[in-house]
Structure formats: C-alpha cells, structure tokens
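Written below as structure tokens is the structure these notes are about.
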Number of protein chains: 2
Amino acid sequence: MELFELVKAAQKRIEGHAHVTPVMTSRTLNDMTGAQVFFKCENFQRMGAFKFRGAFNAMSQLTEEQKKRGVITYSSGNHAQAVALVGRLLGIRTVVVMPDNAPVIKREATEAYGASVVGYNPDETTREDICRDLENRHGHTLVPPYDHINIVAGQGTAAKELLDEVEKLDVLLVPCGGGGLLSGCAVAAKGMQSTCRVIGIEPEVADDATKSFHTGKLHTVKNPPTIADGTRTPSLGNVTFPLVLEYVDGMKTVTEKAIMDAVKFLLYRMKLVVEPSGALGLAAILGSSVKPKGRVGIVLSGGNIDAATMKMILDS
Amino acid sequence: MELFELVKAAQKRIEGHAHVTPVMTSRTLNDMTGAQVFFKCENFQRMGAFKFRGAFNAMSQLTEEQKKRGVITYSSGNHAQAVALVGRLLGIRTVVVMPDNAPVIKREATEAYGASVVGYNPDETTREDICRDLENRHGHTLVPPYDHINIVAGQGTAAKELLDEVEKLDVLLVPCGGGGLLSGCAVAAKGMQSTCRVIGIEPEVADDATKSFHTGKLHTVKNPPTIADGTRTPSLGNVTFPLVLEYVDGMKTVTEKAIMDAVKFLLYRMKLVVEPSGALGLAAILGSSVKPKGRVGIVLSGGNIDAATMKMILDS
C-alpha cells in the first residue's frame, strides 16, 4: 500500500481512542515573525505526547494470538507510557525494559499505566538483547519506539490532522529523535499537499540525523548532552532513515539556549506546558535556524516535563 | 435592561476582539471524581486572563469625548494589562496607577501594552485618591477593576460561552476576588440555565466574600497572605456584593496547599499554565471543599504567573 494510505488507515484506526488535539496560535509570535504559525498541540494527547498514536496504531493491528501473548518494548520515556496505556485500553499485557538506573519517577509512571517494568544492567547487556530474550522465551511481540512502519504511520496522523484543520502550509517543522514522528509527518504532509516543505529539527549537540541527512550515510551519537531527552536516541533507524531521505526537505539544528527559550515562550506567552523535545520547532524560529515565512506548522510533540527540568529552564 | 441582557450585549460587543477560549477536560480528573468537569480556559484569553472581557466591554462603550480624554485605572495585576491592551486596540490613552513598591516586572508588562504608569506612595495616599485627582485634573474616565456593571457584564461572557458550548451544567465554580467575575458568571449561568448552581471560591486566608455572603454584611480583609494574588482585594464592591447575594448559591474556601496542588495538577496532568487565583475552582475539588457531582464547570480565570511563584509551587 502507498505510505500515505497507511497514514489514512491509521487515522481511522485511532479515531475515538486518540485525541484530535487542538491547533493553537500566538498573536505575539505572528507579530514578531510576520508569519502565521500553527501549533499542533500533542502535549494535550493522551499520556501527554504523540507516542500514543503510533503505539495504538501498531498494537491494535496485532493478531488475537499476539495480543494474548503480550507485548514488550524498551524505553524510559513517552513510548513506554504509550505502550502501557494502549495495553491497558486493549487488554494486552505489556512489559517495558528499562535500565536499572532509570529515574524511579519514570519507572513508576510506566507502572501506573499498567505495565510490568523489567530492569537490566546497561554495563552487562543491551536492551535489545533483553528484549530478544523475552521475545524468545515468552512469545512477546516487540513494539519498537520508532523503527516500524505501523509506528511511523501512526505518528504521521499528527500532521494529517493539522493539515485537515489548517488546509495549507508552506512549511512544517517537526522534532527529530529516532525519526518516527518526522518521517510519518513528512509522508502525511506530502500526501496532503506536495508543496509543503518539511523540516526536521534536532538539538545541535545531538545532530546525528542532520549529518545522516546531509551525507546519505547513517551517523550515530552516544548519550548526547541535550535537555531534549526525547531526542537522545543514537540514530535514525532502518525504516526511518530511508523515509527521511525521501520525504523530508531539510534538517536544522538548534542550541540548548534556543530550546529553553522556546519552552519559556510556550509557558509564559502561550500558557502551554511543553517538554524540551516538544519545543524544537519553535526553538528553530526563536534561534533563527529557520526563517519563518507564510503559513508555518509546528508539531509540539509532547508535554511531559519533570519539576527539576522545568525549574532549570525557569532559571535559564 | 435585565442583567442577563447586558451579558448578551457584551458578548456581541467583544466578538472578534476577545478570544472564544477553549473548553478542556481531564479524563484523569473525571475518573478520580466520577463527575464530568469542564474547564473554561481563560488562561488562553488575550493578555492571559478574563479581565480583557470586562475592560473591552466597558471601554468600547465610552463616548467619543471620553475616549479622547483617556482612561485611568488602579491595579498592579491583570486588570492593568487588560485596560492597557484594550486602550491600544481602541486608540484610547490609558493611565495605570500603581504603588511605588509594585514589582518592576508588573510595571514593565503594563507599559509594554502601551499604558503610562503613575506611581504613588501607599503610606501617604490611596490609589482611589490619586485616581480621583487625575480624573478631576485631566478628565480621565475611571475603569474600575470590578465594581462597575459594564465590567461585570463583560466578565459574565466567560460563563455564557461555556454554557453555549457544553449546554448543561449542574454546578459552576468561579474564583472570587472583588466579585466581578463571580457575579457576572452567576448572572450569565442563571440566565442560561436557572438550575445551575453557582459557587464562588476564595482562599481560606482571604475569606471576606465568604463571610459577607453568609452574614449579609460586607466584610473586609487587609493584605491577605495568599499565593492567589488576584484575590487579595479587600472586599466585594457596592455593585458586586448585592449581585453575589442575589445570584450566587454558595461560597467555599480553599487552603493554600489545595491551590498549589491544583496549579500542579493543571501543569503536570493537563499541560496548562494557570495562575494560583485561576486554579481556585479545581482547588475546591482537590481539597474537598466541594464534592463534584454530575456536570461541573470550572472557570480557569487566568495564566499569568511569574517564575518565582511557579518555582515555589513546583517545590511545594
């Protein structure tokens, strides 16, 4: 099936389960830039981030047998909570593999949504090995955080909905971690309106995807020191990298200062709580990585931020 | 004219100038309470609070002569910014009287919207005297923060819009400072649906309106030590007190802890930035001052919070 058809099918599948999140605007920002900026507010999505879309799209397509055996994933962030919540909604047992040193708060949040958390020592093994072992022993199905076409198609529904509502965009700015959201949104945007330029945004200190995009060769980065924790993934994936190369028009990086300025603008001016990774698109505008012109879409990808991070940003 | 007609007229007058703010819900809160709670998000109103409604309704009704002479008000909070912004939009010169010891940030915010700020020494004179003096000398028209029927009618449009959208409510919870928002919303709610109970909420340490309501005699409180700065007004007014007695069904108080818990719930769970005064309605539910049943409306009255207050709440 054509990829855009997969996004449309995902949109039908998640209907009534995911929120159709609101699109918001800021008169102040429009006056500052001379552009018209439309924010797709995935911070208001269920469990607080776009990840619910992909997890629901992927998990609802499992066979009855797979559902009975349960699913497994590795993540200490939003994807873990998305899988746990979707598992609860669909009656699927979920196991989340997390390093032993993951913050207790993330472990508890994932457990609160109903998942079992399995710890591992990252010095002794990798999360992929742990997952494979559990897959083999218990027949769990792996729901990867980004590198699967059903995840990509699900995330793409965010851009599909945005263009359903605002109709025309000159450019769409999308945060980039593992590239699931970016490639899905690019497929959706091009399917809706081929003239819409799609730009992926990542932190300057975690610019693996930007390098990969410009060289055509997969670059990786290890534990990049960015406040945008959702983009600390080492690289694009086997599924997302080719899609980014084919559908995305450009990649831009932003400084840590621009990210924090964006989070503060969203808090103080727009009254929105957005996590650092979710604010990358606005950071690109505030930090002059992208010169906004015409009608600009921005995906605010999530709003899950802890008190320590928020205080650090308020003090910045 | 019947009072509810004034609210309807105000709604027409502010159309296209004020935002029709969104109504949001929280699955988590509904699950916790068994009720259906609808939040009217005035934190997304222009300049970040409901105060824009009343200021626009009052100032747009001034005569050409009054507009030419300019307006004056006293406030160091949201009303000052509302008057300043409306003045800019309508081409009316605005003067805001503020104590010399008001925070610089508030003075600057008001000036940024285009008002002239006049300071005074609160040990030597009162803001009312300063205003009267300027009224007499320059012919400025006073736009009071709450105690005027055109202000009351403007603020009531918040509840009117909420009931336009959600149709039926069993109870409506409204923050109470000087009573402009509360009395306006009560008039609007009763006009829309006479069975809707309207409850005013104020901080336990600033319970002048609650006492006034229960005794029928005007109580005052001086500089109450509440984090909810929008409710530090000394008492209800000559216009608002009789309206509160006639239209409001009950008054409840909330602790400072409940207020901070409500702000945190809105930040972490709903991804909304709401100032302490704006969170009083939710505080009444979280702190068990009100037992929510059926369909509950809550006016989140504003979102203007500074970094110091936000950090204090995050640490609480």
Go through segment A:121-156 and report how many residues are outside any helix (DSSP H, G or I) and within 18 Å of A:Gly70 (Cβ to Cβ). 8
Six or more apart or on different chains, Cβ atoms under 9 Å: show the pairs whose first residue is in segment A:190-219 and under 26 Å from A:Leu163 (Cβ atoms) and whose second is surrounded by fewer than 17 Cβ atoms within 10 Å (Cβ to Cβ) and of a type in the set (Gly, Ala, Ser). A:Arg197/A:Gly250; A:Val198/A:Gly250; A:Ile199/A:Gly250; A:Gly200/A:Gly250; A:Phe213/A:Gly250
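Can we say A:Gly230 is touching a helix residue (DSSP H, G or I) at 6+ places or on another chain (Cβ under 7 Å) and part of a helix (DSSP H, G or I)?
Values: touching a helix residue (DSSP H, G or I) at 6+ places or on another chain (Cβ under 7 Å): yes; part of a helix (DSSP H, G or I): yes.
So A:Gly230 fits the description; yes.
Looking at segment A:1-23, which of the residues that are within 14 Å of chain B (Cβ to nearest Cβ) and surrounded by fewer than 20 Cβ atoms within 10 Å (Cβ to Cβ) is nearest to A:Leu90 (Cα to Cα)?
Looking only at segment A:1-23, we keep the residues that are within 14 Å of chain B (Cβ to nearest Cβ), and these are A:16-23.
Okay, now just the ones that are also surrounded by fewer than 20 Cβ atoms within 10 Å (Cβ to Cβ), so A:16-17, A:19-20, A:22-23.
Values: A:Gly16: 13, A:His17: 10, A:His19: 16, A:Val20: 19, A:Pro22: 25, A:Val23: 28 Å.
For segment A:1-23, the residue satisfying everything is A:His17.
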Conditions (1) part of a helix (DSSP H, G or I); (2) over 20 Å from B:Met24 (Cβ atoms); (3) over 13 Å from the mean Cα position of the chain (by Cα): number failed by B:Leu163: (2)
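Does A:Ile105 satisfy the condition of being in contact with an Asp or Glu (Cβ under 7 Å, 6 or more places away or on another chain) and exposed (fewer than 13 other Cβ atoms within 10 Å of the Cβ)? Before you say what the answer is, go through the steps one by one.
Details: in contact with an Asp or Glu (Cβ under 7 Å, 6 or more places away or on another chain): yes; exposed (fewer than 13 other Cβ atoms within 10 Å of the Cβ): yes.
Yes.
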Tell me, please, whether a residue that is touching a strand residue (DSSP E or B) at 6+ places or on another chain (Cβ under 9 Å), within 14 Å of chain A (Cβ to nearest Cβ) and part of a loop (DSSP other than H, G, I, E, B) can be found in segment B:254-270. yes
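Let's see how each residue does on (1) in the same structural domain as B:Ala283 (by TED's automatic domain parsing); (2) under 18 Å from B:Glu42 (Cβ atoms); (3) hydroxyl-bearing (Ser, Thr, Tyr); (4) in contact with a Leu (Cβ under 7 Å, 6 or more places away or on another chain):
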| position | (1), (2), (3), (4) |
| --- | --- |
| B:Gly178 | yes, yes, no, yes |
| B:Met192 | yes, yes, no, yes |
| B:Ile201 | yes, yes, no, yes |
| B:Val205 | yes, no, no, no |
| B:Ala209 | yes, no, no, yes |
| B:Lys217 | yes, no, no, no |
Cross-chain or 6+ apart pairs with Cβ under 6 Å, segment B:150-162 first and over 10 Å from B:Val20 (Cα atoms), then among the hydroxyl-bearing types (Ser, Thr, Tyr) and surrounded by 24 or more Cβ atoms within 10 Å (Cβ to Cβ): B:Val152/B:Ser183
Just to verify a result, which residue in segment A:272-316, among those that are in a strand (DSSP E or B) and within 17 Å of A:Asn78 (Cβ to Cβ), is nearest to the other protein chains (Cβ to nearest Cβ)? A:Leu272
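Please determine whether any residue of segment A:232-240 is closer than 23 Å to A:Pro145 by Cβ, among the hydrophobic types (A, V, I, L, M, F, W, C), away from chain B (no Cβ under 14 Å) and surrounded by 23 or more Cβ atoms within 10 Å (Cβ to Cβ).
yes
The values are calculated or read from the model by the stated rules, or taken from the named source; none is laboratory data. Remember, it's a predicted structure, so these values are computed and weren't measured experimentally. Positions of Cβ are generated from backbone atoms using ideal geometry, with glycine treated the same way; all protein chains shown enter the neighbour counts.
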